[in-house]
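The values are calculated or read from the model by the stated rules, or taken from the named source; none is laboratory data. Quantities reported herein were computed from a predicted structural model and do not represent experimental measurements. As a convention, Cβ positions derive from the backbone with ideal geometry for all residues, glycine included, and neighbour counts pool all protein chains shown.
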Amino acid sequence: MGMGEPAHNLAAVMSAIDLLATIGGIGQKNLVFSTVGDRRVFERLPLGPVRPALALSLHSSDAALRAKLLPRAPAIEPAELVELGERYARATHYPIQYQWTVLEGVNDTDAELDGIVRLLAGKYAVMNLIPYNAIEGLPFSRPAAARAEAMSYYLYQRGILTKLRQSAGQDIDGGCGQLRARAARRKRSVVRAGDE
């Protein structure tokens, strides 16, 4: 995850998945293919000897907004993307993980929540709400914790299995371990400099 769209190098990714499952002994459910949604993924994944779990970056139920948030993603309507995901989920017996980075005032609206319910009601799916981590130069911000919790509860009440991610590093700018480690090193060097 986070290394680009796997559909752009599908043959190599499929080979790696097969290797990890067969020689590496990693269970299929523990291998997750993360995509913004590309028709080639839905054509090829079911044909492989190893069928990994699937994570789809959705981020909006509105096609125009999703195109703005994911400008390089293939133009697939959210409803069609969910239907493609649903077929794969039913064929593999693993729920699809829908990823939704929550952006204050952008995709945390009541209209988006109703859109999620419309798209995912009755589907074999998990909605992962991921509060945004600030990145310098981007005009987005994280919603208040209470809003993210309210979103999760709203979806839960309507039968959508939802997980509100509390990932490591949300208290600093950037959520990956590398950024967290870099921030910790800076803090240590400031303390050392102050001791001198």
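Here are a few things to note about the model shown:
- Within the range 115-156, the only residue that satisfies the criterion of being free of Cβ contacts under 8 Å to residues at least 24 places away in the same chain and either among the acidic types (Asp, Glu) or within 20 Å of ALA53 (Cα to Cα) (or both) is GLU149.
- Residues of the range 149-182 satisfying the condition of being modelled with pLDDT of 95 or more and either in a loop (DSSP other than H, G, I, E, B) or of a type in the set (Gly, Ala, Ser) (or both): ALA150, SER152, ARG158, GLY159, ILE160, LEU161
- Checking ALA79 against (1) in contact with a helix residue (DSSP H, G or I) (Cβ under 7 Å, 6 or more places away or on another chain); (2) part of a helix (DSSP H, G or I); (3) of a type in the set (A, V, I, L, M, F, W, C); (4) surrounded by 14 or more Cβ atoms within 10 Å (Cβ to Cβ), the condition it does not meet: (4)
- Annotation note: of ASP108, ASP114, the sole residue that is within 19 Å of PRO143 (Cα to Cα) and surrounded by fewer than 17 Cβ atoms within 10 Å (Cβ to Cβ) is ASP114.
- A count restricted to the range 43-74 and to residues that are closer than 17 Å to THR101 by Cβ, of a type in the set (D, E, K, R) and in contact with a Ser or Thr (Cβ under 7 Å, 6 or more places away or on another chain) stands at 1.
- Applying the criterion of being farther than 10 Å from GLY48 by Cβ and assigned to a helix (DSSP H, G or I) to the residues of the range 14-27, the residue that is farthest from the chain's Cα centre (by Cα) is THR22.
- Some residue of the range 31-43 being assigned to a helix (DSSP H, G or I), in contact with a strand residue (DSSP E or B) (Cβ under 6 Å, 6 or more places away or on another chain) and either modelled with pLDDT under 85 or closer than 19 Å to MET127 by Cα (or both): no
- Subset of the range 82-97 (residues that are over 14 Å from the mean Cα position of the chain (by Cα) and in a helix (DSSP H, G or I)): GLU83, LEU84, GLU86, ARG87, TYR88, ALA89, ARG90, ALA91, THR92
- The one condition from (1) at pLDDT 95 or above; (2) in contact with a Lys or Arg (Cβ under 8 Å, 6 or more places away or on another chain); (3) not in a loop (DSSP other than H, G, I, E, B) that ASP108 does not meet is (3).
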